[in-house]
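Student: Below is one structure. I have some questions about it.
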Amino acid sequence: PFSGELSQITDGQKEAFDDHAVEMKRGQQHVQIDLGADYEIYAIVIWHDHRYLQIFRDVIVQVADDPEFTKNVRTLYNNDSDNSSGLGAGTDREYFETSQGRLIDGKGSQARYVRSYLRGGNLSAINVWQEIEVYALPAK
């Protein structure tokens, strides 16, 4: 990031303040969360930059069993309809970013790692995350 720290993405602060935004360069970027063990994921909520009303492009959320994302990769959300990010064409719709975040169904997927991809928005090519929350229970 050129503004903010990666640790801010999971610190619980999702208000629309400049010091809560983590900004990264243009082009496809991602952040990754290690849950520390396998979990059954029921929901993921992401907040991008909701300081301004905008639409973010190529929002893709995946889960996997390994940090390199080569084992048992599952896509839970993908609004990259033209496959410009190279992770497959998505069928999810683009949306206006709000203070409520974007709720993504985890579908009970069992995984240890979560990645959230982004490729700018309609106001700026800069990639911004404010928060990611994963709602899950330890895997059985």
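The values are calculated or read from the model by the stated rules, or taken from the named source; none is laboratory data. Model, not experiment: these values are computed from the prediction. All Cβ positions, glycine included, derive from the backbone under ideal geometry; neighbour counts span all protein chains shown. Accessible surface is based on the protein model in full, side chains and every heavy atom, while ligands, DNA and RNA are left aside. Shrake-Rupley method; radii C 1.70, N 1.55, O 1.52, S 1.80 Å.
Student: For a label point 7 angstrom out from the Cα of ASN122 toward its Cβ, which stretches of the stretch 44-74 have the backbone nitrogen within less than 11 Å?
Tutor: Residues 53-57 qualify, since their backbone N sits under 11 Å from the label point.
Student: Across the chain, how many lysine pairs separated by 8 or more positions, or lying on different chains, have Cα atoms within less than 25 Å?
Tutor: Details: LYS14/LYS25; LYS14/LYS107; LYS71/LYS107; LYS71/LYS140; LYS107/LYS140.
Taking the chain as the scope, the lysine pair count is 5.
Student: What FRET efficiency would be calculated for the residue pair GLU5, ASN83, taking the C-beta separation as r and a Förster radius of 30 Å, to the nearest 0.05?
Tutor: 0.45
Student: I've got another one for you. Could you give the length gained by full extension between GLN110 and ALA16, i.e. 0.36 nm per residue of separation minus their alpha carbon distance, to one decimal place? Before the final figure, lay out each step's value.
Tutor: Numbers: separation 94, 0.36 × 94 = 33.84 nm, distance 3.14 nm.
Roughly 30.7 nm would be gained on extension.
Student: Between LYS140 and ARG93, what FRET efficiency follows from the Cβ-Cβ distance if R0 is 30 Å, with the result rounded to 0.05?
Tutor: 0.35
Student: Can you give the percent of C-alpha pairs in the stretch 95-140 whose distance is more than 16 Å?
Tutor: I get 51 percent for the Cα pairs in the stretch 95-140 exceeding 16 Å.
Student: Evaluate E = 1/(1 + (r/R0)^6) for LYS71 and GLN100, where r is the Cβ-Cβ distance and R0 equals 25 Å; express this FRET efficiency to the nearest 0.05.
Tutor: Result of the calculation: an efficiency of 0.15.
Student: Counting only protein heavy atoms, what percent of the accessible surface of the stretch 1-82 is carbon or sulfur at a 1.4 Å probe?
Tutor: Looking at the stretch 1-82 in its full context, I get 47 percent from C and S.
Student: Taking a probe of 1.4 Å, how large is the accessible area per residue of the chain, in Å²?
Tutor: On the way: 7190 Å² over 140 residues.
Result: 51 Å² of accessible area for each residue.
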